[in-house]
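For reference, the structure discussed in these notes is given below.
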Amino acid sequence: MNTTPNASRLHIAIFGRRNAGKSSIINALTNQNIAIVSDVAGTTTDPVQKAMEILPIGPVVIIDTAGLDDTGELGELRVKKTYEVLNRTDLALLIIDGLMGPSEFEEEILEKIREKNIPVVGVVNKVDLVDFHFSEKTEWEKRLKLELVETSANSGYGIEELKRQIIKKAPYDDRELSLVSDLINPGDFVVLVVPIDKAAPKGRLILPQQQVIRDVIENDAIAVVTKEYELKETLENLGKKPSLVITDSQAFLKVSADTPKDIPLTSFSILFARYKGDLNELTRGLKALEKLKPGDKVLIAEGCTHHRQSDDIGKVKIPRWIRQIVGGDIQFDFSSGMTFPDNLDEYKLIVHCGGCMLNRREMMYRISYAKNKDIPIVNYGLLIAYVQGILPRAIEMFPSAKVIYNEEDQLY
């Protein structure tokens, strides 16, 4: 993998009515013809993503969306998809057609953007096609309570100013999160246990493993990669005690047995629970496992779509473990990719993957949405460690999560 993962890039989404020039703005920003441009209303249907660099922000993903005023049965579905994009948007661009001015469509999306505390840049496009007056712009800004940048995507007018506004309003806080830097020191040995099974991709490591290796070496520590069956020999021959062992969750039991108790141990999935989401809230959700009853419904959610193996972790293993805990049948629903159910009220528990393919805002939205509905949510890695009886060890290095797990009076 030679590029920054999309999930680690700042997500900039472009909203507006049909034919406002959203796709043209993307082409102007990227200086490429990457979005289809047409005078026919509704050219963009499903959200389309493009990875690029905007300095000094760095790697970003720009998302083109369907028009807010799309009509008909399919149009309504497209608009719904457009609004769902807000859940993973770090910065919004609201494009207004200079020939038409703002309407209730822009006001409605602005309200949703502000509800989610997403920074927004307002853009008036097509100013080259209309006799645009300062007083008109001022009136629109007052109506929307939003400063507007004048642009012409066709001529390039205002595009540099638009880039400056993007840089000015881009949120940087979440970009500074680290996977392991606060757990290790320069010169430390970090052992990464990477099973190679039939579910492993051919010729490469999976994304969470790649990202952890990068974070280890970026912090001047030494990454040692081994398979679970070679771990014992690896530890015996290192010549120096590692400061941390990180394993794939599915090898937790064997790795825990082969790793001396004085060596900290956790999993890639638990690291991602903290990196992408809220480790404390996900840990709190564990206690709901013991309160499940036969017949209850559980949602298993994954942030990507992939070919299912016969022993798939989400479809097979986790449902089996939960049924064993409950001692009876449980109804399971499954969601994958960017789709997340609107109605969570029917579920007693949500079990979510590590979220390596989701950006932090999307993962935090899912956790917050569940929390607001009083639906406990837990992460794959935490659940696996819990089922295998090694959770206290796996979260030992995270004091607040440890305190939450040990609390007798749980919220759920």
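The values are calculated or read from the model by the stated rules, or taken from the named source; none is laboratory data. Since this is a predicted model, take the numbers as computed values, not measurements. Glycine gets a Cβ as well: all are built from the backbone with ideal geometry, and neighbour counts include every protein chain shown.
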Selection count where residues are within 15 Å of P59 (Cα to Cα), touching a helix residue (DSSP H, G or I) at 6+ places or on another chain (Cβ under 9 Å) and either β-branched (V, I, T) or at pLDDT below 90 (or both), scope the stretch 143-170: 1
Some residue of the stretch 166-177 being out of contact with any Pro (no Cβ under 8 Å at 6 or more places or on another chain), surrounded by 18 or more Cβ atoms within 10 Å (Cβ to Cβ), assigned by TED's automatic domain parsing to the domain that holds L55 and part of a helix (DSSP H, G or I): yes
Some residue of the stretch 136-143 being part of a helix (DSSP H, G or I), under 29 Å from the mean Cα position of the chain (by Cα) and either assigned by TED's automatic domain parsing to the domain that holds N87 or in contact (Cβ under 8 Å) with a residue 12 or more places away in the chain (or both): no
Out of I109, I113, I118, sole residue that is touching a residue at least 24 places away in the same chain (Cβ under 8 Å) and not in a helix (DSSP H, G or I): I118
Top-ranked residue in the stretch 262-315 [being free of Cβ contacts under 8 Å to residues at least 60 places away in the same chain and not assigned by TED's automatic domain parsing to the domain that holds S400; ranked as surrounded by the most Cβ atoms within 10 Å (Cβ to Cβ)]: I263
Pairs with Cβ under 6 Å, 6+ apart, first in the stretch 336-355 and closer than 24 Å to P294 by Cα and in contact (Cβ under 8 Å) with a residue 40 or more places away in the chain, second among the basic types (K, R) and assigned to a loop (DSSP other than H, G, I, E, B): L344/K373
Looking only at the stretch 44-89, and only at residues there that are acidic (D, E) and not in a strand (DSSP E or B), the one that is modelled with the lowest pLDDT: D46
Test: residue in the stretch 373-392 that is touching a residue at least 24 places away in the same chain (Cβ under 8 Å), buried (at least 20 other Cβ atoms within 10 Å of the Cβ) and among the polar types (S, T, N, Q): yes
Qualifying positions in the stretch 315-372 - assigned to a helix (DSSP H, G or I) and farther than 27 Å from V61 by Cβ: K315, V316, K317, I318, P319, R320, W321, I322, R323, Q324, I325, V326
Among (1) in contact with an Asp or Glu (Cβ under 9 Å, 6 or more places away or on another chain); (2) in a loop (DSSP other than H, G, I, E, B); (3) surrounded by 14 or more Cβ atoms within 10 Å (Cβ to Cβ) - the single one L205 does not satisfy: (1)
Among the candidates A28, A35, A41, A20, residue that is buried (at least 22 other Cβ atoms within 10 Å of the Cβ), at pLDDT below 90 and either of a type outside the set (D, E, K, R) or touching a helix residue (DSSP H, G or I) at 6+ places or on another chain (Cβ under 8 Å) (or both): A28
